[in-house]
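I have placed the structure first, in the form of structure tokens, so that the comments after it can refer back to it.
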Amino acid sequence: MLELADGSLFFNSTYADHRAISAPPEALRHILRMIEDSRPTLEAVADHITGTATPDAVGHIERLLLPLAKAGILVPLRTEQRPAWADDDLAERFSTQIEWLGTLSTTPHGHWDYFARLREASVAVIGLGGAGSLLALALAAAGIGRLTLVDGDTVEVSNLTRQILYSPNQAGLGKADCLAEQLEQFSPYTQYRVLREYVSSPEDVHKSIEGADFVAVCADAPRFTLNRWIDTACKRNAVPYIGAFAGSVGPMYRPDSPGCFGCFEERLREELGLRHDMVVDALAAKQSWRYPAFVSGPLTVAHLMTTEIVLHLTGAAKPSSAGGILRYQHPNTVVEPFPGHPACNCSTTSPTAPART
């Protein structure tokens, strides 16, 4: 809260969602100063302002503050008591993130509930190139409990302009092992499962997503075919997933909700007509890829995917890619509504699929 020279109160959000009160009553000004300084209870505020903490006085203060709570300026006092599983070292390591999770919570203990969901979650990252390696690092930083790292490729010097977590002296070494070694040093709070192989068949997909609560698709070959395999496997097992494709992130597949790669492909089929399947076959047959690349591409993808995955796993807010696609083509990043496609089966989960929460 900033008190401006004209008497107004200005609330400066970290996320640029500024709010202002032009002519606040003096009682409200005093209450907000008190809240900013000491984080009091409603009873303490009522006693300070009115000299009593009777139910009527507390109710009056609560009604006065209600519009500020609805605007997100005030949030419930978060409990300082942490759960038994959060020791001193873990609480210190993730302290600022836990505070950030608190900004998304409307309950006193919500920040710990959200963080517990991240600690209990298992995420499979398929493809450990520029975006995949950065995403894995970000998810470890977020405190994800278990990561499955999947890639059979090796480090190449020519890729280091965008695969920035690897180094020239690792050329020829497996990406999965190099990344796992770095992540283990970075965060011992995550368990790492390493699969040193390409995903070359539907069977490989099932092995890669085993035990996963979420799947991140960052591999680019075999193009389209791989996405189809993952789409089928995740739907069969009711596992949500997200991928990046052609300057976009999403749509995120969530069981029983519209929007998935199948919908995305149905749209392309409508655009390309009979050529669609021929294009897919040609992409799958292509053995090597070399195209103009810049480091901001994988950085952007990793940033967007990390936020979307954390929002989904915590349940703190609906991800933008759930029913949408994040377009990050220069110079703008926009959310494009994506309601799904009526020809796709993504809203229907197999009755034999295990339920996931």
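Numerical summary
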{"read-out": "Highest-fluctuation residue, TRP112, TRP289, TRP100 considered, GNM on the chain with Cα pairs under 10 Å", "value": "TRP289"}
{"read-out": "Degrees between helix 296-314 axis and first principal axis of the chain (Cα, 0 to 90, nearest 10)", "value": "60"}
{"read-out": "Counted charge near THR154, where neighbours are those whose Cβ lies closer than 13 Å (Asp, Glu -1; Lys, Arg +1)", "value": "-3"}
{"read-out": "Hydrodynamic radius by Kirkwood, which averages 1/r over all alpha carbon pairs of the stretch 31-138, in angstrom", "value": "16.7"}
{"read-out": "PHE10 accessible area, 1.4 Å probe, all protein chains in place, Å² to nearest 10", "value": "60"}
{"read-out": "Relative contact order (%) - the stretch 209-262, alpha-carbon pairs under 8 angstrom, separation at least six", "value": "31"}
{"read-out": "Mean separation of Cα contacts under 8 Å (6+ apart) over length of the stretch 59-208, as relative contact order %", "value": "19"}
{"read-out": "Among SER321, SER158, SER105, residue whose mean-square fluctuation peaks in a GNM of the chain (springs only between Cα atoms under 10 Å)", "value": "SER158"}
{"read-out": "Partner lysines for LYS235 [C-alpha distance under 24 Å; skip if fewer than 8 residues away on the same chain]", "value": "LYS207, LYS318"}
{"read-out": "Of the GluC sites (Glu not before Pro) in the stretch 182-285, those whose Cβ has at most 12 other Cβ within 10 Å and which sit in DSSP loop", "value": "none"}
{"read-out": "Listed residues PRO222, PRO298, PRO67, most fluctuating in the chain (Gaussian network, C-alpha, under 10 Å)", "value": "PRO67"}
{"read-out": "Alpha-carbon centroid distance for the pair the stretch 215-250 / the stretch 173-203, whole angstrom", "value": "18"}
{"read-out": "Förster radius 22 Å - calculated FRET efficiency between VAL75 and LEU42, Cβ distance, rounded to 0.05", "value": "0.95"}
{"read-out": "Of all accessible heavy-atom area on the chain, the percent that carbon and sulfur account for (1.4 Å)", "value": "53"}
{"read-out": "Average Cα contact separation per residue, the stretch 1-128, under 8 Å, 6 or more apart, as relative contact order %", "value": "13"}
{"read-out": "Point-to-point label distance, THR54-GLU210, nm (Cα→Cβ direction, 7 Å offset)", "value": "6.8"}
{"read-out": "Cα centroid of the stretch 133-152 to Cα centroid of the stretch 277-291, whole Å", "value": "28"}
{"read-out": "Debye log10 I(q)/I(0) for the stretch 171-256, one point scatterer per Cα, at q = 0.19, 0.23 Å⁻¹", "value": "-0.98, -1.23"}
{"read-out": "Helix-only [θ]222 nm of the chain, DSSP H runs n ≥ 4, -39500 (n - 2.57) each, per residue, nearest 500", "value": "-13000 deg cm²/dmol"}
{"read-out": "Spacing of the two label points (7 Å from each Cα toward its C-beta) at SER167 and ASP113, in nm", "value": "4.4"}
{"read-out": "Where the chain is the region considered: accessible area per residue in Å², 1.4 Å probe", "value": "52"}
{"read-out": "Over the stretch 229-357 - Rg/Rh using Cα atoms and the Kirkwood inverse-distance radius", "value": "0.98"}
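The values are calculated or read from the model by the stated rules, or taken from the named source; none is laboratory data. Bear in mind the structure is a predicted one, so any value in this text is a computation, not a measurement. Backbone-built Cβ (ideal geometry, glycine too); neighbour counts: all protein chains shown. In case anyone asks, the SASA skips ligands and DNA or RNA and just uses the protein heavy atoms, side chains included. Shrake-Rupley method; radii C 1.70, N 1.55, O 1.52, S 1.80 Å.
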